[in-house]
Each structure stands twice: as C-alpha cells, then as structure tokens.
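Enquirer: Below is one structure. I have some questions about it.
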Amino acid sequence: MRIVELIIDEDAELYGIDAISIVDRPAIELDFIALKEQKVSFAEADTDKRILLGPALVPDKPIYRKNGEDEFYVYFSKATVRRAAELYLKHGNQANHTLEHEHSINGLTVVESWMVEDKEKDKSALYGLDVPVGTWMVAVKVDNEAIWQEWVKEGKVKGFSIEGYFADKMKKNSEDEMLAELAKAIVKTDARTKTGKRVVMESYSDYPDAVKNNAKKGIELNEKNGNKCATQTGKVRAQQLAQGEPVSLDTVKRMASYLSRAEEDYDESDMNACGTISYLLWGGKAALRWAEAKLKEELFEALKKELDSLED
C-alpha cells in the first residue's frame, strides 16, 4: 500500500488548516483530555474550566485513507506540522470548529497552541499524553453548553481531527518539474534572440466565454455568501477573467496548478461551498482545460524555437 506525504502548497488558492473538528475517532488515534482545575474530571460541571487538551497533528504518523477502491496512507513531516500550526493561527482560524467534520459549531476557541520540543518536560506529559517531538498540541475552550454537556461529558467525542487543504508531494513535484521545464525552455529561447535582450512575456486573452461565465458566477455566489470564500488573489483573478482581461504566462501556470489540485473540492450539487465558489472564481473546469492546453502549446513553441536556434 502506497504512502503519500502531504505538504502545504502556499502558491495554491486554498492551503493549510481551516478548522479543527472534535470527533469520536481521531485519525491520529490519540485522545484529548478534558481539564477541570488541571485534573481529568467531569464532576461539578459548574466549576469546570471546560478545556479540551490534545494533539491536533502528529508528525510522521501514517494515517489510513480510502478513496473509492484506492487505499493508501498519508503522513505529515515535522516541518509541515509546524508550518500548518503557524498558518492556522496566522489566518485567525482559532474559532473555526466542527463536530465530526459534518456540522459547524460555535463557542469553541483554541486558547493554547504549542509544539512539543521535549517529551518529558512538555506540558502534554503532565496530563499523561505520550506524543512524539514535533507534535502540534492545542487546548480548546468549550463555551458551547450543548457541546459540553451532550458530547464531551457523555464521552461521544474523544479527540481532534484537522480540516484543511494539502498537496500530494509527489504530484506537486511532478507539476513543478513540468512548469520548470517550460520556464527553462522559454528562458533559453529568450537568451538566443539577436538583440540579446530578454523577450517580454506575452499575455493571453483568448480563453473561452465559459471561463468568463464561470468567474462571473463565482463572484455572484461569493457575494451572496458574504464574500467569505477565497483569498484576495482569487477574488482579483475572478474580476480579471470575468472582464476578459489578458493574463500572463505566470498566471496561466498558477491557474493550471491550482485548478488541477482543487478539482476534487468542486461540487456542482453545493453551490454555496467555498471549494466550489473558489474553483469558479478561477474559471472552473473550462479554465483548467484552456490553461493546460496553453501551457502545452507554449512549451512546444519554446522547444521549437530552441531547436531552430541551434540549427542556425
């Protein structure tokens, strides 16, 4: 069974951890503990601190996954775990929580976040948690009465599970190699011009109307949802595509890279989902087909110029 390393692709439209879910069976197979005056106890609920403490992400731990008939394991390196923790706080997602990855819930907030540097001296050891160095630990304050009474105290949830966007390292490297070869070929061609000057990269506006319409639809849906979806880059890209403005070769590469990886987040049956809206903002499937075709065309032309210059 194959093992896939997941990484954070900060060039993508969506990346990092959006939320932390409280679940019955955490994928990392390590439960949190509920704190009441630094004791593991659910007694006297009125004096409870109502804090859940446990690992959010453990490095180098294989996590079983199944996609249809495809079975595999994924894991995160220590560097990825640390960066994921940093971005989670940087993006202000401390209050983003779900229940069993199905329902968004309010009243939960990450009040502590730290990386385990020393197993014996770390705070986690004080509460009997045996986690490896490099683990991302969180303490979540539960102010939601129903969640605390009906789920935590009843033992229906036992640990944390992350929600977010990561890239397959092997697939990402393959895409990067293809784009690097394209850039290398174009640079070589530029260097061989008679003037000795670098050629200004061409921009493109020949994308089909379907790309423009998808961007317009994404903008409309995002406005209906309070413009909460997508980064500023994605919103700017949508305006650019919707108005038929030319895009640079670098932008075409970014479109192909993002749209190919985020295609699985696009769900036509849920037009209010941020994954669907973000995908449309970048032009949707029509933009992916156009961008990939444009890159192949540019690579062919660059290589052809390179061969012609060698013959001269």
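The values are calculated or read from the model by the stated rules, or taken from the named source; none is laboratory data. Values in this document were obtained by computation on a predicted structure and should not be read as measured data. Because the Cβ atoms are built from the backbone with ideal geometry, glycine has one as well, and the counts that use them run over all protein chains shown.
Enquirer: Only one residue in Leu57, Leu87, Leu99 is of a type in the set (A, V, I, L, M, F, W, C) and within 19 Å of Asp143 (Cβ to Cβ), so which one is that?
Expert: Leu99
Enquirer: Another question, then. Name the residues in region 113-159 that are modelled with pLDDT of 90 or more, within 17 Å of Ala85 (Cβ to Cβ) and touching a Leu at 6+ places or on another chain (Cβ under 8 Å), would you?
Expert: Passing the criteria: Ser113, Thr135, Trp136, Met137, Val138, Ala139, Val140.
Enquirer: Go through Leu89, Leu53, Leu99, Leu14 for me and flag whichever is under 16 Å from the mean Cα position of the chain (by Cα) and at pLDDT 75 or above.
Expert: One residue alone meets the criteria, Leu89.
Enquirer: Name the residues in region 90-115 that are in contact (Cβ under 8 Å) with a residue 40 or more places away in the chain and in a loop (DSSP other than H, G, I, E, B), would you?
Expert: Across region 90-115, the qualifying residues are His91, Asn93, Asn96, Glu100, His101, Gly107.
Enquirer: Further question: Asp60 passes all but one of (1) in contact (Cβ under 8 Å) with a residue 12 or more places away in the chain; (2) outside any loop (DSSP other than H, G, I, E, B); which number fails?
Expert: The failed condition is (2).
Enquirer: Give just the number: which of (1) over 25 Å from Leu295 (Cβ atoms); (2) in a helix (DSSP H, G or I); (3) basic (Lys, Arg) does Arg254 not satisfy?
Expert: Result: Arg254 fails condition (1) only.
Enquirer: Using the structure shown, decide if Lys78 is surrounded by 12 or more Cβ atoms within 10 Å (Cβ to Cβ) and modelled with pLDDT under 90. Walk me through how you get there before you give the answer.
Expert: Values: surrounded by 12 or more Cβ atoms within 10 Å (Cβ to Cβ): yes; modelled with pLDDT under 90: no.
Criteria not met by Lys78.
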